[in-house]
1. Could you identify the single residue in 358, 328 that is out of contact with any strand residue (DSSP E or B) (no Cβ under 7 Å at 6 or more places or on another chain) and under 24 Å from residue 242 (Cα atoms)?
2. Please state which one of 330, 316 is within 14 Å of ligand 1 (Cβ to nearest atom) and either in the same structural domain as residue 748 (by TED's automatic domain parsing) or part of a helix (DSSP H, G or I) (or both).
3. Taking residue 27, is it assigned to a loop (DSSP other than H, G, I, E, B), more than 16 Å from ligand 1 (Cβ to nearest atom), over 31 Å from the mean Cα position of the chain (by Cα) and closer than 22 Å to residue 151 by Cα?
4. Please determine whether any residue of the range 48-63 is surrounded by fewer than 14 Cβ atoms within 10 Å (Cβ to Cβ), assigned to a loop (DSSP other than H, G, I, E, B) and modelled with pLDDT of 95 or more.
5. Of all residues in the range 251-264 being away from ligand 1 (no atom under 12 Å from the Cβ) and in contact with a strand residue (DSSP E or B) (Cβ under 6 Å, 6 or more places away or on another chain), which is nearest to residue 379 (Cα to Cα)?
6. Examine the range 239-250 for a residue that is assigned to a helix (DSSP H, G or I) and either under 24 Å from residue 752 (Cβ atoms) or away from ligand 1 (no atom under 14 Å from the Cβ) (or both), and state whether such a residue exists.
7. Can you tell which of 335, 361, 402 is more than 18 Å from the chain's Cα centre (by Cα), without any contact (Cβ under 8 Å) to a residue 40 or more places away in the chain and outside the structural domain of residue 840 (by TED's automatic domain parsing)?
8. Have a look at 323, 383, 367 and point out the one that is assigned to a loop (DSSP other than H, G, I, E, B) and within 15 Å of ligand 1 (Cβ to nearest atom).
Ligand code: B3K
Ligand code: ZN
């Protein structure tokens, strides 16, 4: 297979106007008749038609009803003797495929006796021969035929126009999608499903039918997903003037799914993890994730489906923008400013712990990549989350109303088209003449073309005699693979200056464009404290040599909640880095830091959710990113020791926090209640940790009691987790009991596996436990959720346990990557990325990790997916 380059884009040689698909669904052998109307693209030189296909059995090809000659070349079906001229002609292709054998979960596959499809990015070619590229948009008519008893529900995109009985206990359903679409948005579902439905009216009075389909027995877990969908429809109409354009909008849940969910036109297919919720099985975080993923897929209906991508290099056109939209949706639903800030902090935490490392490692790529071997490897945090930050910077530069105008112009210009990231940026800029974005557009667009996280170096000078404060802001960006030299980008820096009483002396937005710029402030009485990059106004690393006193002042007074949290992170990070660098000194937290933490925990007015974020130490991954050479077990030991000290030093405060944040009444996953439960949970963990030191059984006993009596999964799981994290002996019976209680709840069992695989390592005990859990009757490596819950939780989310000096973690990793690659290359390639940062590891880990990657790379029959990851890692 060859590397694909963005610069090689060519428009298609043919257009496909209409597609009629007829399916005879059978798990072993499904027959697909594909009747298309095509015509030559007049803008392209005359050439053969090359249709993509994969793992298909070809039975017949007819052109205009007549047999024709064809070739199969490298998987493609090549037709040379097609009618000349530009008149449309009819092409019929008859193929079969084997959905029951489809373990890759791309194309048409079977899960729990039902049929599902996944076509993005290039799965449609596993269903029929086609121009499998997003710039070919066609009108679809779909006829589904299947056994009535086994597959009573038959769904596809658009409107149901006909249904009825056939011979031999079979039945049929015919669907017509009123909207043209690229084939990656095609979907079908067939099986024994039940649905919750709701009729709604839009602002204009238009009626719509919303449906959420699940397996019988799961209906009582669909209320939250339905409510999230209703909220999404209303939000997009209110905030962006974008209405639902379909009579019927369906969501279907499946437990075998490679990712979170898929925005197929009118027929979204979801991982059960992002649909099913009840208070007894789902945590507050699950509820929040469902809301955001339901929103995300729904918002794709405009940003992705109505306007789609010209080619897959433009993926962030729809993904970055849609993540930005789902983030705004969740913030708007959260309501108050403080709850919005909590969501912003959570989003930035994801960006910095997952995207920054990606941008600094072997897989670094621009938001709009330039090349790929396997496009599925580029559904990344860079394309999604950094892409969303790029959209957010545009939003910051043109303002809320300006951004809405820009979106309107984007749809006016491009509705029904397949376009590029440039087209989007141009529309936002053109709708805002005179804005900084319009003025700086070519430079701004470097955010799309340059990989790597820019660093902003800030320094300050205080001239007491003149009362002048001067800030110098510089920017640099480290080289990334294939991009040795970087140009300056446009960096919106939101800032404020505080006096020593915490009063705000100045605030504003500085748009940094040069390698170095100076700002000065006159007439000040005393040296101010700078609050820089408020709200995380750009996806950069801010380097400023803050002193403790300044950070403590920001933590106490900043009006920007993001920077208040950030001040605490910086205080904790500075300490963690110091301890990591001094392996022979004891890890001892200083009183000012502990007192500041106590001050936040006991603060009379701050939200519980915000307190929980401030009192959570920076993650091991984030600490590791600050270092040139990384020893993950050492970082783990330092972070654990810091947490242990906070547990003991603040014991009375944690006790107060636990008591004061109990939530009574009916369960509600709203931001206030969730925040209280989160803080109480954090308190309980610290109390169990403190009990470890004193051997006092009271708090572990209380945790066990709470674990047994909890009336919701959040409290129950937090209590269980407190026992596991503190390593208390009650963890074992609690885990057993938890399994017995939820043995029939797949999503809860995933939590059970994940908790054990992610537990703090004590003398190397986690890997043997993981190996043993691989033998558990409930483990199944073919189910992506289950594989992720056990294998990924260990390899990707538990650095202290994974990076063992004996390299046994790496051996386990290489075995699993190769085992999974034979089943499901997409999942295998994700796992392969667990060793992305091997080059930074301290010896002997570094050498051992390299060897493990080389072992995988040496396997002869690797998928493109895994090959691309390991090749880049070793480059
Ligand atoms: N667009 C899909 C992701 C498809 C992934 C293909 N490997 C889900 C989403 O981003 O909404
Ligand atoms: Zn998306």
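1. Of 358, 328, the one residue that is out of contact with any strand residue (DSSP E or B) (no Cβ under 7 Å at 6 or more places or on another chain) and under 24 Å from residue 242 (Cα atoms) is 328.
2. From the options 330, 316, the qualifying one is 316.
3. When the stated conditions are applied, residue 27 passes them.
4. Taking every residue of the range 48-63 in turn, none turns out to be surrounded by fewer than 14 Cβ atoms within 10 Å (Cβ to Cβ), assigned to a loop (DSSP other than H, G, I, E, B) and modelled with pLDDT of 95 or more.
5. That would be 256.
6. yes
7. From the options 335, 361, 402, the qualifying one is 402.
8. When all the criteria are applied, what remains is 367.
The values are calculated or read from the model by the stated rules, or taken from the named source; none is laboratory data. Since the structure is predicted, the reported quantities are computational estimates derived from the model, not experimental observations. Backbone-built Cβ (ideal geometry, glycine too); neighbour counts: all protein chains shown.
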